[in-house]
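The values are calculated or read from the model by the stated rules, or taken from the named source; none is laboratory data. Please read these numbers as outputs of a predicted model, since none were measured by experiment. Cβ coordinates were reconstructed from backbone atoms using ideal geometry, including for glycine residues, and neighbour counts include every protein chain displayed.
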Amino acid sequence: MKGVAYDPLAKQPIAAATVTVLERKDSSLVSFTMTGNDGRFEIKGLANGDYRLLITHVNYHNSNKYFSITDSSKNADLGNMAISDKTKVLEEVVIAAEAPPVTLINDTIQYNAASFKVQPNANVEDLLKKLPGVKVEKDGTIKARGEKVQKVLVDGKEFFGNDLKIATKNLPADAVDKVQVYDKQSDQAQLTGFEDGNYEKTINLKLKKDKKKGVFGRAMAGAGRVFFTGL
């Protein structure tokens, strides 16, 4: 499936837009990518089925288009996908703002936790297993885009040291609003301000506002430490 994100008023392509392919029947995530500087996007390897394409960008209204992949039509060329600039085109009726399941922000992949269904009382580890590009091994080791995750932060702060399982196995999934995956500068580089080229694959859990207080309310014992207080 391929196409071009296009601004019809400015008559120019739209770079750095997030392109998401969803199952048409239930809006479950299939794949995602980002448009290039020329606005072009392409996603390969889609199985036969009916899909919804969602294009999102911070400066534009969301754009949707339905398409199908079949035995007789393995390639879907969607051509120019017109997207309206928020500052120039007002939507006539806004029923609900749809949060895309995945957003690419520079080098950060941000997952909208609500888009990935887990069982009641699930923990963060259960949520991570649902995220495309993230894998949780049997021993609790986490890999993101093929690289081992070194740190798990909560709202940008380090609460769990190097034992990631304390966070992933004890924090409730329903407390998480967004999951961000990115490469974090080494502690030494952040301290000195000198770029040393060393990065750590990091997951940051952004909590829902109503869950920030008391999310650590229950005692969570692990690695010889116990947490009692909220953020």
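Does any residue of the stretch 117-138 turn out to be within 19 Å of residue 201 (Cβ to Cβ), surrounded by 13 or more Cβ atoms within 10 Å (Cβ to Cβ) and without any contact (Cβ under 8 Å) to a residue 12 or more places away in the chain?
yes
Among the listed residues 38, 26, which satisfies the condition of being within 30 Å of residue 118 (Cα to Cα) and of a type in the set (Asp, Glu)?
Going through 38, 26 in turn, just one is within 30 Å of residue 118 (Cα to Cα) and of a type in the set (Asp, Glu): 26.
Restricted to the stretch 152-166, and to residues that are farther than 13 Å from residue 205 by Cα and touching a residue at least 40 places away in the same chain (Cβ under 8 Å), which residue is surrounded by the most Cβ atoms within 10 Å (Cβ to Cβ)?
Step one: list which residues in the stretch 152-166 are farther than 13 Å from residue 205 by Cα, which gives 161-163, 165-166.
With the extra rule that they be touching a residue at least 40 places away in the same chain (Cβ under 8 Å), the set shrinks to 161, 163, 165-166.
Details: 161: 13, 163: 15, 165: 18, 166: 20.
Restricting to residues being farther than 13 Å from residue 205 by Cα and touching a residue at least 40 places away in the same chain (Cβ under 8 Å), the top hit is 166.
Return yes or no: is residue 16 part of a strand (DSSP E or B), in contact with a Ser or Thr (Cβ under 8 Å, 6 or more places away or on another chain) and touching a residue at least 60 places away in the same chain (Cβ under 8 Å)?
Taking the combined requirement at face value, the residue does not satisfy it.
I need a count of the residues in the stretch 114-170 that are part of a loop (DSSP other than H, G, I, E, B), of a type in the set (Gly, Ala, Ser) and either at pLDDT 90 or above or within 20 Å of the chain's Cα centre (by Cα) (or both).
Going through the stretch 114-170 one residue at a time, the tally reaches 4.
If a residue has to be exposed (fewer than 14 other Cβ atoms within 10 Å of the Cβ) and in a strand (DSSP E or B) to count, how many in the stretch 50-80 make the cut?
Of the residues in the stretch 50-80, 7 are exposed (fewer than 14 other Cβ atoms within 10 Å of the Cβ) and in a strand (DSSP E or B).
Can you pull out every residue in the stretch 41-64 that is farther than 21 Å from residue 110 by Cα and either touching a Gly at 6+ places or on another chain (Cβ under 9 Å) or among the aromatic types (Phe, Trp, Tyr) (or both)? Walk me through it before giving the result.
Kept after step one, since they are farther than 21 Å from residue 110 by Cα, are these residues of the stretch 41-64: 44-51.
Once the filter is applied, which keeps residues that are farther than 21 Å from residue 110 by Cα and either touching a Gly at 6+ places or on another chain (Cβ under 9 Å) or among the aromatic types (Phe, Trp, Tyr) (or both), the stretch 41-64 yields only 51.
With the condition kept exactly as written, say whether any residue in the stretch 103-113 is modelled with pLDDT under 85, part of a loop (DSSP other than H, G, I, E, B) and on the phi > 0 side of the Ramachandran plot.
So far as the stretch 103-113 goes, yes, one or more of its residues are modelled with pLDDT under 85, part of a loop (DSSP other than H, G, I, E, B) and on the phi > 0 side of the Ramachandran plot.
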